[in-house]
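Everything below concerns the one structure shown next.
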Amino acid sequence: MKQPLLGVLAVSILTACSVAQTYTVTDIGVLTGDNESSGFWINSSGAVAGCADTANSEGYPCTGTGVGQHAFYWTKSGGLKDLGTLPGGDISGAIGLNDYGQVVGFSNVSSNPQERYNFIAFEWTSTGGMINLGTLSGGNSSCAFEINSSGLIAGDSFVSSTLVDAATWTDHKIKKVGALPKSIFTAALDLNDNGEIVGESVFGYGPPFTSHGFEWTQAAGMKDLGTLPGGNTSIANAVNSSGIIVGQSNSGSFVDWHAVKWDTSHKIADLGTLPGGTYSIAFGINDSNQIVGYGNIRDNAPHAMVWTSTSGMEDLNNLIAADSGWVLVNANAINALGQITGYGTKGGHNHAFLLTPSN
């Protein structure tokens, strides 16, 4: 019997909707003299902020310990731009970026071995270059993690030799955000255009290491986001414009971190792991609630991942051409167009990548 046309159309539509998203890979490359790089943030036009350095013993790029590690700003039309360092420094890294091309991160201000790792937060613009954002009173180090469309910057600063608090900068003026009670290290890791800030408060380095993710708003102040049931550790890494938060947590049933999502009522959900894996971490989320990060697979190798409500957690290496030459290791951020940046191995070195949806 001949299938009705309506039935044929319905099957065709369902088949089209079930086709997995695939991506093309762009190699962002490295700065002159370097052989490794990582992309940390991507804005809505596809510009990427990150850093480039030389291979190190840790096995992953941009650890902040390599002399010559420099922040970069990349665009498709302009390629890589070395942002340099603050005066006197020889190490920098770019972590955040907004749609106006304002970049934030960290830089040292001395090559003296005893002061080399006292990093200071910076903001970079194409017109003003790199600006020292300073520290909270009593501190000698700070870091800027993200900047929103209004220019509000989120980060952290030492307030003594042993205590770090979350901080914000407005018009290059620093303000203390605070910390969860009894914490010793608090960092504001991301914020949205509504001024909602998320991050991590560390209570102890252990063992066991203990921390809780937090959300801060002007109206409610600090909110402890808690952990998965039975857990003692969580981190809130990113927040979208709707207030959906992603990060990681452990629970009483497993030791390793799992990627998690907090909804707008702060209810936490376990996003699971890649097939055969034991851990996962979510680093980025866009306004379509697409989530990116990484996790391990059966052989314990770290692989970049993407999570959606329809497909769950997928290995990004399965969504690029099999002959690409890449192993995508970590996905750090995703923009409104679904473009993703992070790093992967190619030709024996870690390189920053840009993934662009191809269907």
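Identify all residues within region 305-333 that are farther than 18 Å from Gly272 by Cα, open to solvent by 40 Å² or more (accessible area, probe 1.4 Å) and in a loop (DSSP other than H, G, I, E, B); write none if there are none.
Ala321, Ala322, Asp323, Gly325, listed by residue number.
Could you count how many residues in region 149-176 are open to solvent by less than 50 Å² (accessible area, probe 1.4 Å) and assigned to a strand (DSSP E or B)? Outline the logic, then answer.
Of the residues in region 149-176, the ones open to solvent by less than 50 Å² (accessible area, probe 1.4 Å) are 149, 151-157, 159-160, 164-169.
Right, trim to assigned to a strand (DSSP E or B) and you get 153-157, 164-169.
Adding up the residues that qualify gives 11.
Suppose we keep only residues that are among the β-branched types (Val, Ile, Thr) and open to solvent by 50 Å² or more (accessible area, probe 1.4 Å) within region 92-137. Which one would you say is nearest to the chain's Cα centre (by Cα)?
Applying the first criterion (among the β-branched types (Val, Ile, Thr)) to region 92-137 yields 95, 103-104, 109, 120, 125, 127, 131, 135.
Now restrict to residues that are open to solvent by 50 Å² or more (accessible area, probe 1.4 Å): 109, 127, 131.
Values: Val109: 24, Thr127: 26, Ile131: 22 Å.
Taking the candidates together, the pick is Ile131.
Just a yes or no: is a residue in region 73-91 of a type in the set (A, V, I, L, M, F, W, C), more than 22 Å from Gly195 (Cα to Cα) and within 17 Å of the chain's Cα centre (by Cα)? If you could, list the steps in order and put the result at the bottom.
Narrowing region 73-91 to residues of a type in the set (A, V, I, L, M, F, W, C): 74, 80, 83, 86, 91.
Now drop any that are not more than 22 Å from Gly195 (Cα to Cα), which leaves 74, 80, 83, 86, 91.
Now narrow it down to the ones that are within 17 Å of the chain's Cα centre (by Cα): 74.
Yes, because at least one residue in region 73-91 is of a type in the set (A, V, I, L, M, F, W, C), more than 22 Å from Gly195 (Cα to Cα) and within 17 Å of the chain's Cα centre (by Cα).
Would you say Glu146 is more than 18 Å from Trp216 (Cα to Cα) and outside any loop (DSSP other than H, G, I, E, B)?
On the way: more than 18 Å from Trp216 (Cα to Cα): no; outside any loop (DSSP other than H, G, I, E, B): yes.
No; evaluated as a whole, the condition is false for this residue.
Kindly establish whether Ala144 is in contact with an Asp or Glu (Cβ under 6 Å, 6 or more places away or on another chain), of a type outside the set (S, T, N, Q) and in contact (Cβ under 8 Å) with a residue 12 or more places away in the chain.
Details: in contact with an Asp or Glu (Cβ under 6 Å, 6 or more places away or on another chain): no; of a type outside the set (S, T, N, Q): yes; in contact (Cβ under 8 Å) with a residue 12 or more places away in the chain: yes.
No: the conditions fail for Ala144.
Suppose we keep only residues that are more than 17 Å from Gly213 (Cβ to Cβ) and in a strand (DSSP E or B) within region 252-279. Which one would you say is most open to solvent (accessible area, probe 1.4 Å)? Full working, then the answer.
Step one: list which residues in region 252-279 are more than 17 Å from Gly213 (Cβ to Cβ), which gives 252-255, 272-278.
Add one more test, that the residue is in a strand (DSSP E or B), and what stays is 254-255.
Numbers: Phe254: 39, Val255: 130 Å².
The extreme case among them is Val255.
Before we move on, is Ala71 touching a Leu at 6+ places or on another chain (Cβ under 8 Å), surrounded by 15 or more Cβ atoms within 10 Å (Cβ to Cβ) and among the small types (Gly, Ala, Ser)? If you could, list the steps in order and put the result at the bottom.
On the way: touching a Leu at 6+ places or on another chain (Cβ under 8 Å): yes; surrounded by 15 or more Cβ atoms within 10 Å (Cβ to Cβ): yes; among the small types (Gly, Ala, Ser): yes.
So Ala71 passes the test.
How about region 210-221: which of its residues are within 22 Å of Ile95 (Cβ to Cβ) and in contact with a Phe, Trp or Tyr (Cβ under 9 Å, 6 or more places away or on another chain)?
Ser211, His212, Gly213, Glu215
Mind checking which strands (runs of 3 or more DSSP E) fall wholly inside region 54-103 and carry at least 3 residues that are modelled with pLDDT of 95 or more and more than 18 Å from Thr32 (Cα to Cα)? Step through it out loud before you land on a result.
Details: elements: 70-75, 79-84, 92-97.
Output list reads 92-97.
Look through region 182-200, keep the residues that are over 17 Å from the mean Cα position of the chain (by Cα) and open to solvent by less than 20 Å² (accessible area, probe 1.4 Å), and return whichever of them is nearest to Ala144 (Cα to Cα).
As a first pass, look at region 182-200 and keep what is over 17 Å from the mean Cα position of the chain (by Cα): 182-185, 194-195.
Next, from what is left, pick out any that are open to solvent by less than 20 Å² (accessible area, probe 1.4 Å): 183, 195.
Numbers: Ser183: 20, Gly195: 15 Å.
Among them, the one singled out is Gly195.
From the residues in region 212-228 that are in a loop (DSSP other than H, G, I, E, B) and touching a residue at least 40 places away in the same chain (Cβ under 8 Å), which one is farthest from Ser251 (Cα to Cα)?
The first filter runs over region 212-228 and keeps only residues in a loop (DSSP other than H, G, I, E, B), leaving 218-220, 227-228.
When the remaining residues are screened for being touching a residue at least 40 places away in the same chain (Cβ under 8 Å), the result is 227-228.
On the way: Thr227: 7, Leu228: 5 Å.
Applying the filter and picking the extreme gives Thr227.
The values are calculated or read from the model by the stated rules, or taken from the named source; none is laboratory data. In this text the structure is predicted, and so the values were computed from the model without any measurement. So basically every Cβ, Gly included, is an ideal-geometry build from the backbone, and we count neighbours across all protein chains shown. Surface accessibility is based on the protein's heavy atoms, side chains included, excluding ligands, DNA and RNA. Shrake-Rupley method; radii C 1.70, N 1.55, O 1.52, S 1.80 Å.
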